[in-house]
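The values are calculated or read from the model by the stated rules, or taken from the named source; none is laboratory data. What you see is a predicted model, and the numbers here were worked out from it, not measured in a lab. Neighbour counts run over all protein chains shown; Cβ positions are idealised from the backbone, glycine included. SASA here: full protein model, heavy atoms, side chains in, ligands and nucleic acids out. Shrake-Rupley method; radii C 1.70, N 1.55, O 1.52, S 1.80 Å.
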Amino acid sequence: MDNATIARTLAEVADLLEIEGANPFRIRAYRNAVRSIETQTTQLAQWCDLGRELTSLPGIGKEMARHVEELCATGTLGFRDELAAQVPAGLITIMRLPGVGPKKARRLWEELEVTGVDELEAAAAAGKVRGVAGFGVRSEEKILAGIAEWRQHASRLRLDQVERHVEPLLTYLRGTAGGEAGSEAAAGRVEVAGSYRRRRDTVGDVDLLATAETPQAAAALTARFLAYPQVADTLMSGGTRTSVRLGSGLQVDLRVVPPESFGAALVYFTGSKEHNVRLRQRALALGLTVSEYGVFRLADEPAAEVPGDGAAGDRVAGERIAGASEEEVYAALGCAWIPPELREDRGELAAAARGELPRLVEVGDLAGDLQMHSTWSDGRASVEEMLVACAERGYRYMALTDHSKALPMVGGLGREELLAQWEEIDEVQARHPEIRLLRSLEIDILADGSLDLDDDLLARLDVVLVSVHSRFELPSGEQTARILAAVRHPEVNVLAHPLGRRIGHRKPMEYDVEAVLHACRAHGVAVECNASPERLDFPDIHLARARELGVPVVISTDAHSPRGLATMRYGVDQARRAGLEPHHVLNTRPLEEVLRFFAKTDPPAGGSAV
């Protein structure tokens, strides 16, 4: 029983309690426990085996500890099973659709006998949902659009969700690396490939590659893989490939290859498909062929039987010249090694051949985080706790961006609350000279494009960060005009989570992104890459366009607790996929330069395409 499964089970309990209308504090306790368990680096099953006190962990009270102990001992949770027996499992998916929620999901079940997405879609299409209390015509339209969005992403999981399952599996398989005494399951190397390695925002299935010196070692490693406790089904197993489905529903394929082919296989299975096609074309132009087995010279006449990809017509693969490492595969084709995040056929191969690949931004390049929340609005930590956590990460500055008053449901700040917060910020700053705490606010862009804060207060902020939190469904023309009006405001510095998307839950707003980016450049406004794994907004394709236009990017976590600051790496992943170097990212720069940009006296120069 791994931590990811424990967390998923407790999250399901929280969902079921919400549908039942349970006490909000009890539901929150389960959510807090889930967040705590997801961040633990040691397996709770080991704690149980050793008799360690689980209640010493944050967010784990006596009830949660009993749940964890039961899960580790039996593999199931009776309380979850009791709750699940009372409501259809499909209601959990329904409650997460736009415009539904737990109470409405239960109402749809009770009044229309809707128990799953297919039934809800049929009821909405037939006009039956509008007759249920709390719904209307617009609700039906939103539900149908939400179901279409859900179907588009249903076969894919968010990157962070997949990571929770992949990393423990890698640790499990790598536990054989170097060889256990008397064990044939000695994996020389185990790596993850595919879209996960390229750090796509969502992942369909996972490809793992491992090396083994002998067929016996390969068979033993495959047996170990099949014995992984989270394997629910074996889809196929034979030779060097095994495919399983985990209890989470995630499909994982393991391929075992000889060491001399590992680099070529890693290139091939990392992809993307388009990148591999371009790679093969380059190889053929050089009289070579490249496949998952290696790089081979093309021979005019058949030579020894060496695997190839069949792409060379009558000419067959002859002498192997590379394959053990990715570096030697790319070098054989006259290219520098290409970071996996760039392998999308966006000009990276030509840049590698010219020696002009960018030095991609890294987490360690960031000097500050410019969006986060505290208990002044919907955060779960105080101003000082957030500051200390940022200082511990080595940041030289940070911006506290609680919500403006247009969002009362999350404790948005009005004038008096904001002034009171500034007093606390000054007190905290006086105690912590090691990091600069910038005054800011996440200010709502209202439907007409005006800002949810008076101009006199806007002028007193160090950073003016604006975003959309309502009316996502406005027609493209109106949405464009709304955002352009905000970007043109002379005090605005950062356009936050510009598309308003929530992966798998809310589709991006429709507007003229190109026009907005041009306006950002003209008015000295940076665009955010929101690192929250459920947002990753802007995504890579728009970040790349911002880079081309010279619009600075801010990578921020939108953290609501110190723990949330750790999500910065997901934003950096997207920035790397967009080819961003440190100088393209505003918050890699010294505080003085950042403040000059916010004052609109010295906007940084932009960059160029890969």
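Once amide H atoms are placed 1.01 Å from N in the peptide plane, what residues at a sequence separation of 5 or more from residue 211, or on another chain, have their amide H within under 5 Å of its amide H?
Placed amide hydrogens put 188, 189, 257 under 5 Å from residue 211.
On the protein heavy atoms, probe 1.4 angstrom, tell me the percent of accessible surface of the chain carried by carbon and sulfur.
49
With 19 Å as the limit, write out which pairs from 104/142; 142/507; 62/103; 104/128 have Cα-Cα distances beyond it, or answer none.
The answer is 62/103.
Can you work out the FRET efficiency for the pair residue 331 and residue 251, with r the C-beta to C-beta distance and R0 = 41 Å, to the nearest 0.05?
On the way: r = 33 Å, r/R0 = 0.81.
Computed FRET efficiency for residue 331 and residue 251: 0.80.
Return the unpartnered cysteines for the chain, using a Cβ-Cβ cut-off of under 4.7 Å.
Cysteines lacking a close Cβ partner in the chain: 335, 390, 520, 529.
So what's the back-of-envelope 222 nm ellipticity for the chain, counting only DSSP H runs of four-plus at -39500 (n - 2.57) apiece and dividing by all residues, rounded to 500?
Roughly -12500 deg cm²/dmol at 222 nm, from the helical runs in the chain.
Give me the lysines in straight-line cross-link reach of residue 600: C-alpha distance below 29 Å, same-chain residues under 8 apart excluded.
405
Which loop-located trypsin sites (Lys or Arg not before Pro) does segment 568-604 contain, where loop means any DSSP state but H, G, I, E or B and the Cβ has at most 16 other Cβ atoms within 10 Å?
600
Give the Debye-formula value of log10 I(q)/I(0) at each listed q (0.07 Å⁻¹), with one equal scatterer per alpha carbon of the chain, two decimals each.
-0.51
When the dipole is taken about the Cα centre of the chain, and only Lys, Arg (+1) and Asp, Glu (-1) are charged at their Cβ, what size is it in debye, to the nearest 20?
Values: 70 positive and 91 negative charges, 93 e Å.
I would put it at about 440 debye.
Using modelled amide H (1.01 Å from N, peptide plane; none on Pro or chain starts), what sits under 5 Å from the amide H of residue 555, excluding residues fewer than 5 places away?
529, 586, 587
Given charges of +1 on the Cβ of Lys and Arg and -1 on the Cβ of Asp and Glu, with all other atoms neutral, how large is the dipole of segment 424-575 about its Cα centre, in debye to the nearest 20? Can you show the working numbers first?
Values: 17 positive and 25 negative charges, 108 e Å.
Dipole size: approximately 520 debye.
Enter the accessible area of residue 568 (Å², nearest 10), with the probe set to 1.4 Å and all protein chains included.
Rounded to the nearest 10, that gives 0 Å².
Using the Kirkwood radius over Cα pairs, work out the Stokes-Einstein diffusion coefficient for segment 495-556 at 20 °C and 1.002 mPa s, in µm²/s as a whole number.
186
Calculate, in nm to one decimal, what residue 522 and residue 427 gain on full extension: separation in residues at 0.36 nm each, minus their alpha carbon distance. Please list the in-between numbers first.
Details: separation 95, 0.36 × 95 = 34.20 nm, distance 3.67 nm.
Extending this stretch completely gives an extra 30.5 nm.
I'd like the trypsin sites (Lys or Arg not before Pro) in segment 1-99 restricted to DSSP loop residues with at most 11 other Cβ atoms within 10 Å, sorted by number.
Loop-located and lightly packed - none at all.
Any chance you could look up the accessible area of residue 516 with a 1.4 Å probe, heavy atoms only, rounded to 10 Å²?
0
Given points 7 Å out from each Cα along the Cα-Cβ axis, report the residue 86 to residue 434 separation in nanometres with one decimal.
Taking the two extended label points, one gets 4.8 nm.
With a 1.4 Å probe and all protein chains in place, put 172, 511 in order of accessible area, largest first. Don't skip to the end; give the middle numbers.
Working: 172 50, 511 25 Å².
Listed by decreasing accessible area, they come as 172, 511.
Once a ≥ b ≥ c are taken as the square roots of the eigenvalues of the Cα gyration tensor of segment 75-129, is the result rounded (a/c under 1.5), prolate (a/b larger than b/c) or oblate (a/b not larger than b/c)?
prolate
Skip the ligands, DNA and RNA, and give the accessible area per residue of the chain with a 1.4 Å probe, whole Å².
42
At a 1.4 Å probe radius, which order do 243, 476 fall into by accessible area, largest first?
Reading off the accessible areas and sorting them downward yields 476, 243.
Over segment 1-138, what portion of Cα pair distances is larger than 26 Å, expressed as a whole percent?
When every Cα pair of segment 1-138 is considered, 34 percent fall beyond 26 Å.
What is the extension gain from residue 233 to residue 447, computed as 0.36 nm multiplied by their sequence separation minus the C-alpha to C-alpha distance, in nm to one decimal?
On the way: separation 214, 0.36 × 214 = 77.04 nm, distance 4.96 nm.
Stretched out fully, the residue 233 to residue 447 stretch lengthens by 72.1 nm.
Residue 47 accessible area, nearest 10 Å², 1.4 Å probe?
Here the residue's solvent-accessible area equals roughly 20 Å².
Order 422, 109 by their accessible area, 1.4 angstrom probe, all chains in place, largest first.
109, 422
What is the spin-label model distance, in nm, from residue 392 to residue 40 if the labels are put 7 Å beyond Cα along the C-beta direction?
1.8
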